[in-house]
């Protein structure tokens, strides 16, 4: 069976060519990070993923997890890999230097996270949530909490979780019932949370639960939600552990992610689970959104990652599997299935979308990096608003496409893909949760329509479209007819997006329900267009490489993939305008 190999060349292309990463590093005066050091980190991450994580992915899927005496038992191979992961310092890529972190840019972290998620998504989900917990505490924790918890979270000795959902509430956080009782200057949590990813496991020494709850007398709805830090264990100065009042009620049986424990947790069956307030009372949702926004971008990366893994498996299979004869009369005998045009088409669909997704996720991370480096400047604020606008699109579009791409992976395997032995089906099963994670994709579409489209009085989306327009015009200046053509396609897409956005803004003010009927196709239109932006820019930058090195195989392949993406999907994006504008009438009449 083939092994996962990180697409390092394409990752470096995005950093060095699309983002001009070296120039970015100079602008922030970061002497500790260079393009060479980042490349080395990515290469080492790839080795670890191939040797330690990919090799146990199928084992974890088959063995699953067990709940024994109130403790979730992970596959033994996962526990061993986790210890190596911590020992090698891979958790510490995120986090401030003073607490033991390497403080790498988010654009680089997105790349490394893709590697972990491609190799073993069940294992890497733990890391993803811990990263969110670190960022939340850095932003909203007090100094004592930072000193006490961040070093252990950043090292990976402790892990973090996010506890929002309750059995009766689903995504509606306004109706949560978990209570926080204040007594003797301490807080005691009582309530039940469901769907808690890595809510319990025996890999890390402690688990730090970040829990939404309501204090007595709090305002109704989301304005009355507070955030609490609730550790699984309390550890005294001598290192002795005492268990908090948290119980694992059950673990979910799921379609995929069999080695990622999804738990029902009961807080405070006895005296109450002791916790600490994070930030101000009744401001918990604001703080939690720091973690949720991190997670939404990370889930978009998961969609990219699982797609890349499915593509690699399908590509390997297509080169090995022989079936049928070629339509080329000059070729006799049975041929590898990659020689058949329709199999090539499916592989190219997978590859083109993956490369667009990769460019978009890393670029979104770079906008966040630029904001963090100059939060008070006008340019910094622009980057914040643009990253806010892109995040729901990255989360929803990348995860929706992961379902299609992993399904293509099964299709290329034919009947063998439907059989678990090949492993292709696992990626399809594992991908299916991603459009549901961290707010379903319908919620992301509503967020884009109701909030992000109106951000800065409707100026943010215009700033985004200007970036697309600028890239399209660069393509028109190239002495290459095919690149000129995709530049024109992108310009046409920008015009359609402008018209559609204006229509939606007007329609939402008149009739929000009617506008919401087009929210999901609108998000998809923007997703396909942003992918086109990445791929047109990629073609232009690859053409620049060819001018210096006419033998660059990578650059020629990049242009070829970009042409396929733009000619296939930008016309589709344009076609969604009619769907967006005409959906509301039949939906209103749907029983």
Could you go through segment 308-318 and let me know if any residue there is in contact with a strand residue (DSSP E or B) (Cβ under 9 Å, 6 or more places away or on another chain), touching a residue at least 24 places away in the same chain (Cβ under 8 Å), more than 19 Å from residue 208 (Cβ to Cβ) and not in a helix (DSSP H, G or I). no
Hey, could you check segment 5-30 for residues that are outside any helix (DSSP H, G or I) and under 16 Å from residue 360 (Cα atoms) and say which is nearest to the chain's Cα centre (by Cα)? 7
From 303, 275, which residue is crowded, with 23+ Cβ neighbours inside 10 Å and either out of contact with any helix residue (DSSP H, G or I) (no Cβ under 8 Å at 6 or more places or on another chain) or part of a loop (DSSP other than H, G, I, E, B) (or both)? 275
Going by the conditions given, is residue 79 under 29 Å from residue 253 (Cβ atoms), outside any helix (DSSP H, G or I) and over 20 Å from the mean Cα position of the chain (by Cα)? no
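One line per residue, one yes/no per condition, for (1) in contact with a helix residue (DSSP H, G or I) (Cβ under 6 Å, 6 or more places away or on another chain); (2) closer than 16 Å to residue 5 by Cα; (3) in a helix (DSSP H, G or I):
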| site | (1), (2), (3) |
| --- | --- |
| 32 | no, no, no |
| 40 | no, yes, yes |
| 44 | no, yes, yes |
| 57 | no, yes, yes |
| 67 | no, no, no |
| 110 | yes, no, yes |
Residue set 164, 210, 229; condition at pLDDT below 95, closer than 21 Å to residue 135 by Cβ and within 26 Å of the chain's Cα centre (by Cα); output residue 164
Tell me whether segment 472-479 contains one or more residues that are closer than 30 Å to residue 344 by Cβ and either free of Cβ contacts under 8 Å to residues at least 24 places away in the same chain or touching a strand residue (DSSP E or B) at 6+ places or on another chain (Cβ under 6 Å) (or both). yes
For segment 112-149, what are the residues that are part of a loop (DSSP other than H, G, I, E, B) and closer than 17 Å to residue 210 by Cα? 141, 142
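Each row is one residue, and each column tells you yes or no for (1) farther than 25 Å from residue 140 by Cα; (2) in contact with a strand residue (DSSP E or B) (Cβ under 7 Å, 6 or more places away or on another chain).
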residue: 200; (1), (2): no, yes
residue: 210; (1), (2): no, yes
residue: 213; (1), (2): no, yes
residue: 219; (1), (2): no, no
residue: 222; (1), (2): no, no
residue: 267; (1), (2): no, yes
residue: 271; (1), (2): yes, yes
residue: 279; (1), (2): no, yes
residue: 287; (1), (2): no, yes
Name the single residue, out of those in segment 208-240 being touching a helix residue (DSSP H, G or I) at 6+ places or on another chain (Cβ under 7 Å) and closer than 24 Å to residue 71 by Cβ, that is surrounded by the most Cβ atoms within 10 Å (Cβ to Cβ). 210
If I filter segment 214-223 for residues that are within 20 Å of residue 165 (Cβ to Cβ) and modelled with pLDDT of 95 or more, do I get at least one hit? yes
I'm told residue 520 meets every condition in (1) more than 25 Å from residue 488 (Cα to Cα); (2) without any contact (Cβ under 8 Å) to a residue 60 or more places away in the chain except one. Can you identify the failing condition by its number? (2)
List every residue pair whose Cβ atoms lie under 8 Å apart, where the two residues are 6 or more positions apart in sequence or sit on different chains, the first residue falls within segment 39-60 and is at positive phi, and the second residue, located anywhere, is at pLDDT 95 or above and assigned to a helix (DSSP H, G or I). none
Can residue 408 be described as under 22 Å from the mean Cα position of the chain (by Cα), buried (at least 16 other Cβ atoms within 10 Å of the Cβ) and within 24 Å of residue 173 (Cβ to Cβ)? no
Hits in segment 319-333 - residues which are in a loop (DSSP other than H, G, I, E, B) and touching a residue at least 12 places away in the same chain (Cβ under 8 Å): 321, 326, 327
Between a residue in segment 372-392 that is under 19 Å from residue 529 (Cβ atoms) and any residue that is surrounded by fewer than 18 Cβ atoms within 10 Å (Cβ to Cβ), which pairs come within a Cβ distance under 6 Å, given they are 6 or more apart or on different chains? 385/455; 385/456
Considering (1) closer than 25 Å to residue 109 by Cβ; (2) crowded, with 20+ Cβ neighbours inside 10 Å, say which one residue 286 fails and leave the rest. (2)
Selection over segment 1-21 where residues are surrounded by 14 or more Cβ atoms within 10 Å (Cβ to Cβ) and either out of contact with any helix residue (DSSP H, G or I) (no Cβ under 9 Å at 6 or more places or on another chain) or free of Cβ contacts under 8 Å to residues at least 60 places away in the same chain (or both) yields a count of 4
Considering 118, 125, which residue is buried (at least 22 other Cβ atoms within 10 Å of the Cβ), closer than 17 Å to residue 260 by Cα, touching a strand residue (DSSP E or B) at 6+ places or on another chain (Cβ under 9 Å) and touching a residue at least 40 places away in the same chain (Cβ under 8 Å)? 125
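The values are calculated or read from the model by the stated rules, or taken from the named source; none is laboratory data. Note that the coordinates shown come from a computational prediction; the quantities given were computed from them, not determined experimentally. Note that we place each Cβ from the backbone using ideal geometry, even for glycine, and neighbour counts take in every protein chain shown.
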